[in-house]
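Q: Pasting a structure here, questions to come.
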Amino acid sequence: MTSLDGVQTPKTRQMPPNKTALVAALDIGTSKIACLIARLKPCPPSDALRGRTHAVELIGLSHIQSRGVKAGAVVDLNECEQAVRQAVALAERMAKVRVESVLLSVSAGRLQGDMVEASSELRGGAVTPADMSRVISAGMHHATPRGRTVLHVLPATYSLDGVKGVRDPSGMVARHFGIDMNVITADATAAKNLMLVVERCHLNVEAMACAPYASGLAVLTDDEADLGAAVVEMGAGTTTIATYSAGQCVHASGFAVGGQHVTMDLARGLGACIADAERIKTLYGTVLTGGSDAREVMSVPTVGGHDGDAPQIVSRATIANIVKQRVEEIFEMVRDRLADSPFAAEPRARVVLTGGASQLTGIPDLASRILGREVRIGRPLGFGRLPNEAKSASFAVPTGLLVYPQFAHLEHVEPRHTRQLMTGTNGYFGKVGRWLREGF
């Protein structure tokens, strides 16, 4: 059994502002498993990234081909466990530390974020932290259907006696207290199986974070979050979305279509094996077509072909058309979900694309045409010197997990689901992400 036995996944406490700590991030995806180990050091405030209290120094990184995962969910425990063990071991070897627990991303389980209103009459006249916690907890439990688990509870705004827009009501006097909050949930089964894989590797799960929310922490500037933005994490098996308004994450959603579906379309359309189709997508995948594409051709081995069989000849235009049709479908699904979110009320808000599938040539222009918004590719911000492989949009989720402990105080957490980070190292092996459990 996993330690996920309640309505909410494990969460971190606020990170001490003047302490140095080691953290490990684990992103279990459909196509790759990435493990990053970093040292968080206190740093002065930044105008562009106001919420950052610590600088991230990456000391260990690994990424390997994923096994036992489909659409972000575990489908083979043993295969996934072996892959996670290998990824963590490689990162440990590079960082020269021993990982005891990790921050874990979640992209499966039909992610859904909804704005929930909760209110209560005040007992003592002034708003206390106990009043805030009581109202938020009641709203969270009311908004969580059976079979779902809460990943994040993000308070957006408060109201006092009907006056909305209050940012911090602590100590203020009123008779009626209300709150608007974004409750992000996922299927409990998907979250439990991800935790089970990690715990079978003799690791603790420090906290679980929604993949597009983690991406937003890595790639969005404060101005973008304030003016409104949507982060679209385009993974291999899933596409997930987090929308921001007035600096707050106000909605999340996702669906099980991603870059791997482009690969399968190419394999079927070209009659090629999946490995060849993936290589063709990586090297030549584009959604742009030109006049010369029909004349540029390449040879593609056929499925099950023998050494003496002649390869088939296909044009670049054929490849581009297959890729474009699937990518258009993905962005049309994104458009429908954005239309049902608060993002629709932000006419100047932009879209930021992350994930491996966002690196296909011509993606921003196609997305901008379908979504009717300004679109850019998001890459990790404010991380100093990163290895080249970690600078791309495909590493937005694991790098965002490294930033996540600095923003833990913005969330509501049920007391028995909180853990406190122990800082410092012990001898040659750093105690990465060790947590004290409180009745958990």
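Q: Please list, ordered by first then second residue, the pairs with beta carbon atoms under 8 Å, 6 or more apart or interchain, first in segment 357-377 and closer than 17 Å to residue 284 by Cα, second of a type in the set (Phe, Trp, Tyr).
A: Once the first residue is closer than 17 Å to residue 284 by Cα and sits in segment 357-377, its partners that are of a type in the set (Phe, Trp, Tyr) give 366/331.
Q: Further, regarding this structure: Testing residue 117 on (1) open to solvent by 60 Å² or more (accessible area, probe 1.4 Å); (2) acidic (Asp, Glu); (3) outside any strand (DSSP E or B), one condition comes back false. Which one is that?
A: (3)
Q: Please give the number of the condition residue 233 fails out of (1) part of a helix (DSSP H, G or I); (2) within 19 Å of residue 26 (Cβ to Cβ); (3) open to solvent by 10 Å² or more (accessible area, probe 1.4 Å).
A: (1)
Q: Restricting attention to segment 388-438, and to residues there that are of a type in the set (Val, Ile, Thr) and modelled with pLDDT under 55, which single residue is least open to solvent (accessible area, probe 1.4 Å)?
A: Step by step, filter segment 388-438, then rank; the result is 432.
Q: Out of the residues in segment 200-230 meeting the condition of being assigned to a loop (DSSP other than H, G, I, E, B) and among the aliphatic types (A, V, I, L, M), tell me which one is surrounded by the most Cβ atoms within 10 Å (Cβ to Cβ).
A: Among them, the one singled out is 220.
Q: Same structure, new question: Taking interchain pairs and intrachain pairs at least six residues apart, which have beta carbon atoms under 9 angstrom, with the first residue in segment 335-356 and among the small types (Gly, Ala, Ser) and the second open to solvent by 70 Å² or more (accessible area, probe 1.4 Å)?
A: The qualifying pairs are 349/227; 349/374.
Q: Taking into account only those residues within segment 275-301 that are hydrophobic (A, V, I, L, M, F, W, C) and within 19 Å of residue 359 (Cα to Cα), which is surrounded by the fewest Cβ atoms within 10 Å (Cβ to Cβ)?
A: For segment 275-301, the residue satisfying everything is 283.
Q: Identify all residues within segment 170-188 that are surrounded by fewer than 21 Cβ atoms within 10 Å (Cβ to Cβ) and under 17 Å from residue 409 (Cβ atoms); write none if there are none.
A: Listed by number, the list holds a single entry, 170.
Q: Tally time: how many residues in segment 321-334 are open to solvent by less than 20 Å² (accessible area, probe 1.4 Å) and either without any contact (Cβ under 8 Å) to a residue 24 or more places away in the chain or touching a Gly at 6+ places or on another chain (Cβ under 8 Å) (or both)?
A: 2
Q: Inside segment 76-114, can you point out the residues that are part of a strand (DSSP E or B) and more than 19 Å from the chain's Cα centre (by Cα)?
A: 98, 99
Q: Only one of 59, 33 is open to solvent by 20 Å² or more (accessible area, probe 1.4 Å) and in contact with a helix residue (DSSP H, G or I) (Cβ under 6 Å, 6 or more places away or on another chain). Can you tell me which?
A: 59
The values are calculated or read from the model by the stated rules, or taken from the named source; none is laboratory data. Everything numeric in this text was worked out from a predicted model, so none of it was measured. Note that each Cβ is placed from the backbone with ideal geometry, even for glycine, and that neighbours are counted across all protein chains shown. SASA here: full protein model, heavy atoms, side chains in, ligands and nucleic acids out. Shrake-Rupley method; radii C 1.70, N 1.55, O 1.52, S 1.80 Å.
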